[in-house]
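Just so it is clear, none of the values below were taken in a lab; they were calculated from the coordinates. Keep in mind that this is a model prediction, so the values were computed, not measured. Every residue, glycine as well, gets a Cβ built from its backbone with ideal geometry; the counts of neighbours run over all protein chains shown.
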Amino acid sequence: MKQYFSFQWHITDECDQRCKHCYIFSEDNCKKLDSMSWEQMQETFHNCLDFCKVYDRLPYFYITGGDPILHPDFWKLLELMKENGIPFTILGNPFHLDDAVCQRLKEYGCEKYQLSLDGMRETHDWFRKPGSFDISLEKIGCIKRAGIRAVVMTTVSGTNIDEIPDIIDAVVEQKADVFAFARYCPTSGEKEVGIEPVRYRKLLEDCDRKFRKYEAEGCETYFNKKDHLWTLYEYETGAFRIPETVEEGMIYGGCNCGNCHLTILPTGDIFACRRVQNSKVGNVFTDRIADVWICQMEKYRDYARFEKCSKCELLAWCRGCPAVASGRDGNFYAADPQCWKEVV
Ligand SMILES: C[S@@+](CC[C@H](N)C(=O)[O-])C[C@H]1O[C@@H](n2cnc3c(N)ncnc32)[C@H](O)[C@@H]1O
Ligand code: SF4
Ligand code: SF4
């Protein structure tokens with residue numbers, strides 16, 4: 001069976017919000033907003049398909065921005081996806097969705113639509129903009145009515161960590177299909193996530209308890225344990241075990257960077273990961289992605305260089321989040337600041 005390869009494709013920076021934590025606006029709130037032209041989008045699309053052909057992978061696109069729906073050729077791009085039978089998810093905002101728009105997204109083949117919730121009402125609206133919390137919750141129903149899976153993602157930091165359990169309750173109440181959280185990656189003056197390792201472990205423990213309770217009640221929401229530190233947590237609780245036979249040097253899971261994921265920005269810049277600020281590896285308008293993948297990407301697969309993880313028995317399944325680690329001082333191989341494991 002062919003493996004999927006995912007392209008996180010930021011087609012535009014245009015956005016109705018200027019979230020306080022956003023990696024797009026972190027260095028400069030007045031930044032020039034980049035967008036791809038239609039010709040550039042077609043070129044990018046074919047470069048991605050060429051890559052998949054070379055490496056015998058199935059393409060999957062996460063189309064995002066900004067808010068991708070604000071791109072003037074957004075629907076043309078979806079038409080291109082449909083013509084080629086390529087599955088995709090949209091990571092966007094709630095503001096321009098209604099039943100007719102969601103129905104149209106469904107007709108073009110949109111499988112999932114991801115919205116963000118970064119706190120309960122006051123905190124979320126402080127991060128994003130007034131009214132954003134209520135409209136985000138409301139649009140979950142709109143997405144679902146069209147037969148698209150509604151995904152809610154929370155970016156966790158010291159500011160909103162105490163609110164995660166309440167966010168889970170709100171998301172379950174709205175019957176979202178998937179809920180996940182990932183950590184804030186320091187991308188501006190603020191170089192800390194603001195969470196002590198033991199506090200982060202406690203969050204996972206509290207969430208695990210809540211997820212189990214909801215699952216036992218037959219709730220519709222799937223809880224995606226996206227952060228790789230879940231592997232460490234489950235290793236400790238016995239829910240994850242290292243298999244008896246493992247191949248030396250083989251990578252079985254953990255961070256996708258360098259394995260099955262790339263990000264493309266509106267400028268055409270290719271990033272190993274959007275959350276790693278200095279991870280530009282090429283540009284889709286001048287480079288063949290298939291070449292970039294074996295040359296410039298190699299250093300992201302150099303697992304022996306991971307300063308703490310290389311000495312840990314969970315290396316092949318975890319590696320924490322190198323984007324959070326590199327947010328401090330740009331060192332991709334540094335120890336994950338929330339990893340609570342003692343490694344000698
Ligand atoms: C760039 S946004 C694009 C989609 C949409 N505008 C939204 O906000 O959901 C995609 C995701 O990246 C997250 N994000 C932005 N800046 C981040 C950062 N510095 N660290 C971690 N996640 C970040 C957002 O919170 C959101 O969940
Ligand atoms: S809505 Fe999304 S893209 Fe826009 S500023 Fe917020 S996180 Fe960034
Ligand atoms: S040291 Fe690395 S691989 Fe081991 S548990 Fe921590 S983050 Fe995961």
- Task: Could you run the Karplus curve 6.51 cos²θ - 1.76 cosθ + 1.60 with θ = phi - 60° over the stretch 259-264 and give me ³J(HN,Hα) per residue in whole Hz, x for Gly and Pro?
- Result: 10, 8, 7, 8, 10, 10
- Built amide H within the under 5 Å cut-off of T154, gap 5+: L117, A180, F181, A182
- For the stretch 93-177, compute the number of Lys pairs whose alpha carbons are separated by less than 20 Å, excluding pairs fewer than 8 positions apart on the same chain. 9
- Item | DSSP loop GluC sites (Glu not before Pro) with at most 16 other Cβ within 10 Å excluded, longest remaining stretch of the chain | 28-189
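Counting other beta carbons within 10 Å of each residue's own, what order do M120, M1 fall into, fewest first? Show your work: numbers first, answer last.
Details: M120 17, M1 4.
Listing M120, M1 from fewest to most nearby Cβ atoms yields M1, M120.
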- Query: Straight-line reach from K299: which lysines have a Cα under 30 Å away, not including same-chain ones fewer than 8 places off?
  - Reply: K2, K31, K53, K191, K225, K226, K280, K308, K311, K341
- GNM top mover of G119, G85, G65 - the chain, alpha-carbon springs below 10 Å: G85
- Query: How much FRET efficiency would the formula 1/(1 + (r/R0)^6) give for F240 and D291, where r is the Cβ-Cβ distance and R0 is 35 Å, rounded to 0.05?
  - Reply: 0.45
- Task: Grab the Cα-Cα distance for Y303 and K280, subtract it from 0.36 nm times how many residues apart they are, and report the gain in nm with one decimal.
- Result: 6.4 nm
- Note on the structure: Candidates A216, A182, A334; GNM for the chain (alpha-carbon contacts under 10 Å) flags as most fluctuating A216
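Can you sort F25, F95 from fewest to most other Cβ atoms within 10 Å of each residue's own Cβ? Show your work: numbers first, answer last.
Numbers: F25 20, F95 17.
Lowest count first: F95, F25.
Contour minus end-to-end for K76 and M250, with contour as 0.36 nm per residue of separation and end-to-end as the Cα-Cα distance? Please report the intermediate quantities before stating the final value.
On the way: separation 174, 0.36 × 174 = 62.64 nm, distance 4.07 nm.
Full extension of this stretch gives 58.6 nm more.
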- With θ set to phi - 60°, apply the Karplus curve 6.51 cos²θ - 1.76 cosθ + 1.60 along the stretch 217-231 and write out the HN-Hα couplings as whole Hz, x wherever there is a Gly or Pro. 7, x, 5, 7, 6, 8, 9, 8, 7, 6, 5, 5, 5, 4, 5
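Which of T245, T123 comes first, and how do the rest follow, when ranked by fewest Cβ neighbours within 10 Å?
Numbers: T245 4, T123 18.
If I rank by nearby Cβ atoms, fewest first, I get T245, T123.
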